[in-house]
Amino acid sequence: MSSKPPFKKVLIANRGEIAVRILRACHELGIRTVSVYSKADADALHAKLAHESICIGPPAATDSYLNINALVSAAAVTGAEAIHPGYGFLSENSSFAEICDQCGITFIGPTVRNMQLMGDKEQARQIAMEHNVPTIPGTVNAGIDAEAMLLEAERIGFPVLIKARSGGGGRGMKIVESAENFIPTFEQAKREVEAAFNDPYLYLEKYVSRARHVEVQIIGDKQGNLVHLGERDCSIQRRYQKLIEEAPAHGLRQETKDKMYDAAIGLAKGIKYASAGTIEFLVDVATQNFYFIEMNTRLQVEHPVTEMVTHLDIVKEQIWVAAGRELSFKQEEVKLQGHAIEARINAEDPETMMPSPGEIVGYHPPGGPGVRLDSAIYDRYRVPPYYDSLISKLVVCGETREEAIQKLLVALDEYIIGGIKTNMDLHRKVLRTEYFQTGNVHTKLLEELQKIEAEAKSAEAEPERLKVGQE
């Protein structure tokens, strides 16, 4: 890396652990930083660690972290040359990136055109097909007419998956098993996505009942260089939200991986992609055939597992690329070593899965060789109720997958977050199952485990019920 910083000052348009992660990368590069915060985040760690901090509005994200005028004004007032959006919020908002460009502020991410092409999932699917990337059988165009889409569903064959054209995070995503349930489910999904994304259009895909969610991390520069950094398995999910991620993907044939790498690079080159990004695939467990899902034109939550096995700093590289420098490494220099696993730690009730905001009373982070904690919490910090429940990411790396699993279990036992409820027990439960330990993972594993657990409890209760009946 050059001794001269790529930018003099960068504003981080985000909060929480990802804002802290970007702050650290900037500071290591010698860049002065500006944090923005809502009134609810006045005591947040990202507001404390930056060289400058500026309040941009009330607690509601729509009035603060999603307020483009406030963010651009904050950059102008503080003299920030660039804005890093992190993930979530405005990270994939092409209008925000365009306004930054118009104001002479570098948007640390892909071009406006890249975001527009991949932000519309219907269009992204068509582009993938044009570049010979395998796609799941589905509708060519998105629609809002339930009757017309029912005919499409019958053509594809049930079960089908209803998906939103815009947005993400599983909003509006519904599995429909038969024609009888299609129209009411479609109408429900349409209402959900219209409320969430102001876009009611939906499209359909053939539902693959047992699949893995595998993604390829890519990064490109403005000179046309593009490389992949291997793959990640993100199959452990709850309500379409990722819970545990690992790199590399266990049990995939090298032939399958190589084809996925070629598909990801081919698609990214086809749109002249220039930044960090991720191509997501669905992999059929039975056949290992893979299908394009979508492209995320931003930094991913789970990027640390890739950093752990490649020993590369994706955030720093992303900042350098935005400043116009070529990638600092070539494809043949990317080597994957060991196995990394990330556990997303959420402030939530483990029984109801509802958010559990409140004051942290008693805090002790885990440590040791191969243990990384991306976090923005501390003792006596009050977790606000207004934002996503993710509060930290616990990441470990071992020489083998077995070692990484054991290391993560030990780290979870060391991790103390008092005063609020978290999902750490759920992580322990999943990691200890034979399914996970043998790599027998798929996107519906948690649902299956919950069903098995419920049936076991029911069987235990049956003798007691019989006894009561006899009395």
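The values are calculated or read from the model by the stated rules, or taken from the named source; none is laboratory data. These figures come from a predicted structure and were not determined experimentally. Quick reminder, even Gly has a Cβ in these numbers, built from the backbone with ideal geometry, and neighbours come from all protein chains shown.
Just a few scattered comments:
- Hits in the range 408-451 (condition: in contact (Cβ under 8 Å) with a residue 60 or more places away in the chain, touching a Gly at 6+ places or on another chain (Cβ under 9 Å) and not hydrophobic (A, V, I, L, M, F, W, C)): G419, K421, G439
- Residue match in the range 339-361 (condition: at pLDDT 95 or above, under 29 Å from E403 (Cα atoms) and surrounded by fewer than 16 Cβ atoms within 10 Å (Cβ to Cβ)): no
- Residues (modelled with pLDDT of 95 or more, of a type in the set (D, E, K, R) and more than 23 Å from R15 (Cα to Cα)) located in the range 82-122: R113
- Some residue of the range 415-425 being surrounded by 14 or more Cβ atoms within 10 Å (Cβ to Cβ), modelled with pLDDT of 95 or more, assigned to a helix (DSSP H, G or I) and not hydroxyl-bearing (S, T, Y): yes
- The strands (runs of 3 or more DSSP E) falling completely within the range 69-186 that include 3 or more residues that are in contact with an Asp or Glu (Cβ under 8 Å, 6 or more places away or on another chain) and more than 26 Å from I219 (Cβ to Cβ) map to 160-164.
- Close pairs (7 angstrom Cβ cut-off, 6 or more residues apart or separate chains): free of Cβ contacts under 8 Å to residues at least 24 places away in the same chain and at positive phi in the range 192-221, crowded, with 22+ Cβ neighbours inside 10 Å and part of a strand (DSSP E or B) anywhere: none
- Wholly enclosed strands (runs of 3 or more DSSP E) of the range 222-322 bearing at least 2 residues touching a strand residue (DSSP E or B) at 6+ places or on another chain (Cβ under 6 Å) and under 27 Å from R113 (Cα atoms): 226-238, 276-284, 290-296
- Flag for P59 being outside any helix (DSSP H, G or I), modelled with pLDDT of 95 or more and surrounded by fewer than 21 Cβ atoms within 10 Å (Cβ to Cβ): yes
- Scope the range 321-338; condition surrounded by 16 or more Cβ atoms within 10 Å (Cβ to Cβ) and touching a Phe, Trp or Tyr at 6+ places or on another chain (Cβ under 9 Å); matching residues: A322, A323, L327
- Among the residues listed as A70, A76, A82, the single one being out of contact with any Leu (no Cβ under 6 Å at 6 or more places or on another chain) and under 30 Å from E342 (Cβ atoms): A82
- Out of Q102, Q116, sole residue that is of a type outside the set (A, V, I, L, M, F, W, C), under 20 Å from the mean Cα position of the chain (by Cα) and surrounded by fewer than 22 Cβ atoms within 10 Å (Cβ to Cβ): Q116
- Of all residue pairs spaced 6 or more apart or on separate chains, those with beta-carbon atoms under 8 Å, a first member in the range 91-106 that is more than 15 Å from T297 (Cα to Cα) and a second member that is aromatic (F, W, Y) are C100/F107; D101/F107; T106/F7.
- Selected residue (criterion: nearest to the chain's Cα centre (by Cα)) from residues of the range 197-221 that are among the acidic types (D, E) and outside any loop (DSSP other than H, G, I, E, B): E215
- Among the residues of the range 1-49, those that are crowded, with 24+ Cβ neighbours inside 10 Å, in a loop (DSSP other than H, G, I, E, B) and touching a helix residue (DSSP H, G or I) at 6+ places or on another chain (Cβ under 6 Å) comprise A13, R15.
- Any pair with Cβ under 9 angstrom, 6 or more apart, that starts in the range 128-140 at a residue that is in contact (Cβ under 8 Å) with a residue 12 or more places away in the chain and ends at one that is part of a loop (DSSP other than H, G, I, E, B): A128/P134; H131/I271; P134/N289; I136/Y207; I136/V208; P137/G157
Rundown of residues vs (1) outside the structural domain of T306 (by TED's automatic domain parsing); (2) within 30 Å of T422 (Cα to Cα); (3) crowded, with 24+ Cβ neighbours inside 10 Å; (4) in contact (Cβ under 8 Å) with a residue 12 or more places away in the chain, yes/no style:
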residue: I236; (1), (2), (3), (4): no, yes, yes, yes
residue: K242; (1), (2), (3), (4): no, yes, no, yes
residue: T256; (1), (2), (3), (4): no, no, no, yes
residue: Y261; (1), (2), (3), (4): no, no, no, yes
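- Yes/no for A97 being in contact with a Leu (Cβ under 7 Å, 6 or more places away or on another chain) and either surrounded by 22 or more Cβ atoms within 10 Å (Cβ to Cβ) or at positive phi (or both): no
- Yes/no for G170 being in contact (Cβ under 8 Å) with a residue 40 or more places away in the chain, of a type in the set (G, A, S), touching a Lys or Arg at 6+ places or on another chain (Cβ under 9 Å) and not assigned by TED's automatic domain parsing to the domain that holds L327: yes
- Residue match in the range 263-281 (condition: within 25 Å of N423 (Cβ to Cβ), surrounded by fewer than 20 Cβ atoms within 10 Å (Cβ to Cβ), touching a residue at least 40 places away in the same chain (Cβ under 8 Å) and not assigned by TED's automatic domain parsing to the domain that holds C26): yes
- Checklist (1) over 26 Å from A82 (Cα atoms); (2) buried (at least 18 other Cβ atoms within 10 Å of the Cβ); (3) not small (G, A, S) applied to V315, failing item: (1)
- Conditions (1) in contact (Cβ under 8 Å) with a residue 24 or more places away in the chain; (2) more than 19 Å from F281 (Cβ to Cβ): number failed by V112: (1)
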